[in-house]
Ligand code: NAI
């Protein structure tokens, strides 16, 4: 398939959470001026401060020049709402994993950006086809599923919905490569590839603990010693237990309640408790000190 020879110059990111700010960091680090939409200036300021902490740590370790940090920060601009975005050619959405919320965002993006603007979702598990259908140009909508932590993880799943232009998929994949990332084209199935495979990794771990076969720390330690980088519980603390639970529910629903993907009730209890992982200072483990 011939690519469109894409030239991205003005990207924007919607949602300054764990993933959104990781994507912003990569874009700004590659020289792009990035507009960022978040629900409030305070939420954005907190997110920027967290990102800056990471940059400062790299400066302290001698892995980044102080000037580079300043340049990265200087390229990031807060925008209060989608209809305040200045001309953009690519928008990457990274708001909560909820189809109705994402569809609302895409409806606004479709209405407020130019017809050529590429609209991408960082969803882990939801239907790109369903998100794209809310815009007037589903052929310009695709999934760009980055992995956490974005600055360190090379993989990006590139997802084509039913209406996505194949030439666009090629062109965006080529562009992703210029960011130093590894694009992999996947089908628009619930959970795509990685999150589908990862469902039993997480839910079976809950079942093992619930039946008393092993404790959480033991499961994590054994899985690590089997060659995995992280065990399921420490990985959930990194991902966000709420986000991982939302992915479990959406894959389960996406496969019409196939028991292979059934979530575990303790996942839900963890979300209800508000202990969501590193981002709240406490999840399966404590990060408060
Ligand atoms: P998060 O909860 O850390 O951040 C979401 C952010 O979006 C919050 O700051 C929230 O205030 C903001 N937001 C919500 N509605 C908004 C709106 N209408 N306009 C602007 N901002 C809005 O979530 P996280 O972890 O960054 O996940 C975002 C997306 O990325 C989800 O779809 C998730 O499934 C996906 N994802 C998450 C990964 C992870 O490890 N956490 C990995 C890969 C994908």
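Nothing in this text is a laboratory measurement; each read-out follows from the coordinates by a stated rule. Source: prediction; values computed, not measured. Heads up, the Cβs are rebuilt from the backbone with ideal geometry, glycines too, and the neighbour counts pull from every protein chain shown.
Count of region 99-127 residues, restricted to those that are within 18 Å of residue 170 (Cα to Cα) and either within 12 Å of the ligand (Cβ to nearest atom) or part of a loop (DSSP other than H, G, I, E, B) (or both), is 5.
Would you check if residue 54 is outside any loop (DSSP other than H, G, I, E, B) and surrounded by 11 or more Cβ atoms within 10 Å (Cβ to Cβ)? Taking the combined requirement at face value, the residue satisfies it.
Could you look through region 139-159, keep only residues that are within 12 Å of the ligand (Cβ to nearest atom) and assigned to a strand (DSSP E or B), and pick out the one that is farthest from residue 92 (Cα to Cα)? Here the residue is 155. Only residues that are in a loop (DSSP other than H, G, I, E, B) and either touching a strand residue (DSSP E or B) at 6+ places or on another chain (Cβ under 8 Å) or over 14 Å from residue 118 (Cα atoms) (or both) were counted across region 78-97, and they come to 10. Once region 29-42 is narrowed to residues that are part of a loop (DSSP other than H, G, I, E, B) and within 16 Å of the ligand (Cβ to nearest atom), the residue that is farthest from residue 181 (Cα to Cα) is 40. Filter region 23-41 down to residues that are surrounded by fewer than 24 Cβ atoms within 10 Å (Cβ to Cβ) and closer than 24 Å to residue 241 by Cβ, then give me how many there are. Number satisfying all stated conditions: 3. Among residues belonging to region 262-289 that are assigned to a helix (DSSP H, G or I) and touching a helix residue (DSSP H, G or I) at 6+ places or on another chain (Cβ under 7 Å), point out the one that is farthest from residue 17 (Cα to Cα). Across region 262-289, the extreme among qualifying residues is 266. Looking across region 80-95 at every residue that is surrounded by 15 or more Cβ atoms within 10 Å (Cβ to Cβ) and near the ligand (Cβ under 10 Å from one of its atoms), the one that is farthest from the chain's Cα centre (by Cα) is identified as 82. Annotation note: Cβ proximity below 7 Å between a residue of region 33-52 that is more than 17 Å from residue 96 (Cα to Cα) and a residue that is more than 10 Å from the ligand (Cβ to nearest atom) and assigned to a helix (DSSP H, G or I) (sequence gap 6+ or interchain) occurs for 34/24; 34/27; 34/28; 51/25; 52/73.
Restricting attention to region 14-28, the residues that are part of a helix (DSSP H, G or I) and near the ligand (Cβ under 6 Å from one of its atoms) total 3.
Does residue 247 qualify as being touching a residue at least 24 places away in the same chain (Cβ under 8 Å), more than 13 Å from the ligand (Cβ to nearest atom) and in contact with a helix residue (DSSP H, G or I) (Cβ under 8 Å, 6 or more places away or on another chain)? Considered against the rule, which asks whether it is touching a residue at least 24 places away in the same chain (Cβ under 8 Å), more than 13 Å from the ligand (Cβ to nearest atom) and in contact with a helix residue (DSSP H, G or I) (Cβ under 8 Å, 6 or more places away or on another chain), residue 247 comes out as no. When residue 62 is tested against (1) farther than 18 Å from residue 36 by Cβ; (2) touching a residue at least 12 places away in the same chain (Cβ under 8 Å); (3) over 18 Å from the mean Cα position of the chain (by Cα); (4) surrounded by fewer than 17 Cβ atoms within 10 Å (Cβ to Cβ), exactly one condition is not met: (2). Filtering region 160-203 to residues that are part of a strand (DSSP E or B) and within 18 Å of residue 90 (Cβ to Cβ) leaves 160, 183, 185.
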